[in-house]
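K.L.:
Before we start, here is the structure in question, set down as structure tokens.
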Amino acid sequence: MRVESEDQRPESDHALGRLLTRPFAVIGRAAISWVNHLGAASIFLLLAVLKILRPKQLPKIVQQIYYIGARSTMIITLVGLFTGMVLGLQSYHALVKFGAEGALGILVALSLVRELGPVLTAIMIAARAGSAITAEIGIQRISEQIDALDTMRIDPLRYLISPRIAASIISFPLLTALFDLVGIIGGYISGVLLLGANAGTYFHRVQASMEMKDVTEGFIKAIVFAVIVSTVCCYQGYFAHMRTDSHGAKAVGLSTTSAVVLSCVLICVADYVVTSLLI
């Protein structure tokens with residue numbers, strides 16, 4: 001019996017060691033998978049960007065600008081208006097406590113131009129256009145339309161991905177500017193027209209305190225968010241057929257969900273990184 005117990009002891013120690021190291025193994029596999037996807041997405045973006053300036057790209061870019069940018073105007077306008085109104089309402093009641101209601105204009109403007117404008121615009125576009133881009137490319141992948149493009153010697157990256165990335169880089173700053181403008185008007189409506197703040201002071205503080213640096217910072221963030229959203233959404237749709245958790249139509253649905261969620265998370269992370277670099 002003593003010999004058998006001694007033979008069984010190494011096996012039990014080995015099992016205990018595997019049990020203790022299992023959490024680290026799970027974390028390691030997740031980290032390796034994340035690094036692999038990050039590298040693949042970076043190469044995917046680089047190849048797509050290099051093909052933006054190829055001939056006959058302009059009509060497709062204009063078409064995507066209409067789809068991503070122009071058709072998002074209404075939702076951006078509504079969200080910007082009510083964001084500005086809520087911001088003006090909350091800021092006015094907070095500033096009145098300190099007798100500083102004259103600073104309402106600059107508070108609303110800086111909050112929108114530096115932070116809320118680029119971030120909320122990117123999230124709204126990711127929810128509206130980004131999800132549609134992922135679903136569209138994913139359906140083309142599982143229905144073998146992308147394979148057909150390869151068969152016809154048409155580069156799928158040049159035909160499908162590059163115009164969407166270029167259109168996003170153009171559309172995001174323009175929609176961010178629209179969001180900022182409508183948001184400032186919304187702050188005027190709630191702060192001046194509804195609560196009685198001075199209209200001249202409101203616009204004077206906006207004009208006197210805003211600097212070109214603030215506007216530039218917002219546009220830089222918009223461009224960074226455009227690259228993130230377009231890359232994530234196109235990448236998720238393009239490789240929907242390679243998912244290990246599902247296949248077919250369900251893979252497209254999961255890829256669309258992953259694209260929107262990951263885009264929103266990366267927007268928040270990139271917002272902090274860019275702010276820390278530019279502040």
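K.L.:
Are any residues in region 87-102 on the phi < 0 side of the Ramachandran plot and surrounded by fewer than 18 Cβ atoms within 10 Å (Cβ to Cβ), and if so, which ones?
P.N.:
Taking region 87-102 first, the residues on the phi < 0 side of the Ramachandran plot are 87-98, 100-102.
Within region 87-102, L89, Q90, H93, A94, L95, V96, K97, F98, A100, G102 meet the criteria.
K.L.:
Tell me which residues, restricted to region 51-92, are without any contact (Cβ under 8 Å) to a residue 12 or more places away in the chain and within 15 Å of V192 (Cα to Cα).
P.N.:
Scanning region 51-92 gives a single hit, Q90.
K.L.:
Next up: Can you spot a residue in region 134-155 that is surrounded by fewer than 18 Cβ atoms within 10 Å (Cβ to Cβ), over 30 Å from G88 (Cα atoms) and basic (K, R)?
P.N.:
For region 134-155, residues surrounded by fewer than 18 Cβ atoms within 10 Å (Cβ to Cβ), over 30 Å from G88 (Cα atoms) and basic (K, R): present.
K.L.:
Working carefully through the options E144, E101, find the one that is under 30 Å from H204 (Cβ atoms) and in the same structural domain as G218 (by TED's automatic domain parsing).
P.N.:
That would be E101, the only listed residue that is under 30 Å from H204 (Cβ atoms) and in the same structural domain as G218 (by TED's automatic domain parsing).
K.L.:
Consider region 207-257. How many of its residues are assigned to a helix (DSSP H, G or I) and either of a type in the set (D, E) or surrounded by 15 or more Cβ atoms within 10 Å (Cβ to Cβ) (or both)? Steps first, please.
P.N.:
Of the residues in region 207-257, the ones assigned to a helix (DSSP H, G or I) are 207-209, 212-238, 240-242, 249-257.
Still in the running and either of a type in the set (D, E) or surrounded by 15 or more Cβ atoms within 10 Å (Cβ to Cβ) (or both): 214-215, 217-238, 240-241, 251-256.
Total meeting the criteria: 32.
The values are calculated or read from the model by the stated rules, or taken from the named source; none is laboratory data. Quantities reported herein were computed from a predicted structural model and do not represent experimental measurements. Note that each Cβ is placed from the backbone with ideal geometry, even for glycine, and that neighbours are counted across all protein chains shown.
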